[in-house]
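Chemist: Sharing a structure below in structure tokens format, with a few things to ask.
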Amino acid sequence: MVGIAQLVERLVVVQEVAGSSPVTHPKLCAKRGSETARVSCIRPLSVQMGETVELDAETFEALVVDELDQLPDDMIDGLDNVVFVVEDRPEDGSLDLLGLYDGTALTERDRYGFGEMPDRIILYREPLLTICEDEEELRDEIHVTLVHEIAHFYGIDDDRLHELGWA
């Protein structure tokens, strides 16, 4: 089986030639889980005043599902007890956070089992919309944010993601 680091690196090569509501996806199943740590994705943003994309929550969630479909099966199949959630903004109301992994990375788990609340990968709709000028750019940002947050699930830190071009 291919490791997640290799999948992220493979995606880099491909890229050179990405109220709350759960996002449902046929490849993903959520059980329940408990001990959590929050890993945030604050990527440097060059927010410029100008045109931004405007999409309602339902259409945005459809784009998230489309982008999940574009990810390699090996990357998605390893996700256990994870739900994807779309929220308008982070709790602090800022627009500088695009996504958040709220859970315990696989590399940090010592005991994990029945009755655990699921880990969450959260995408923030308004910050993503604010930095994008069109739907194509929005799809790219959603894709990159999904890969970034999924990588945190697998224990890849921001420094390594930056080296790979996903931070």
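Chemist: When a footprinting reagent is the concern and you count Cβ atoms within 10 Å, what order do Ile121, Ile131, Ile156 take, fewest first? Please report the intermediate quantities before stating the final value.
Modeler: Details: Ile121 28, Ile131 19, Ile156 23.
Listing Ile121, Ile131, Ile156 from fewest to most nearby Cβ atoms yields Ile131, Ile156, Ile121.
Chemist: Looking at region 75-135, which trypsin sites (Lys or Arg not before Pro) are DSSP coil and have at most 15 other C-beta atoms within 10 Å of their C-beta? Walk me through the numbers on the way to the answer.
Modeler: Values: sites: Arg109, Arg111, Arg120, Arg125; in loops: Arg109, Arg111.
Answer by residue number: Arg109, Arg111.
Chemist: Another one. May I ask you to order 137-147, 90-100 by the average number of other C-beta atoms within 10 Å around their residues, highest value first? Intermediate values should be presented prior to the final figure.
Modeler: On the way: 137-147: 21.2, 90-100: 16.3.
Going from most to least packed, we get 137-147, 90-100.
None of the figures in this text is laboratory data; all of them are computed from the coordinates on show. Everything numeric here is computed off the predicted structure, so don't read it as measured data. Counting neighbours? That spans all protein chains shown, and the Cβs are built from the backbone with ideal geometry, glycine included.
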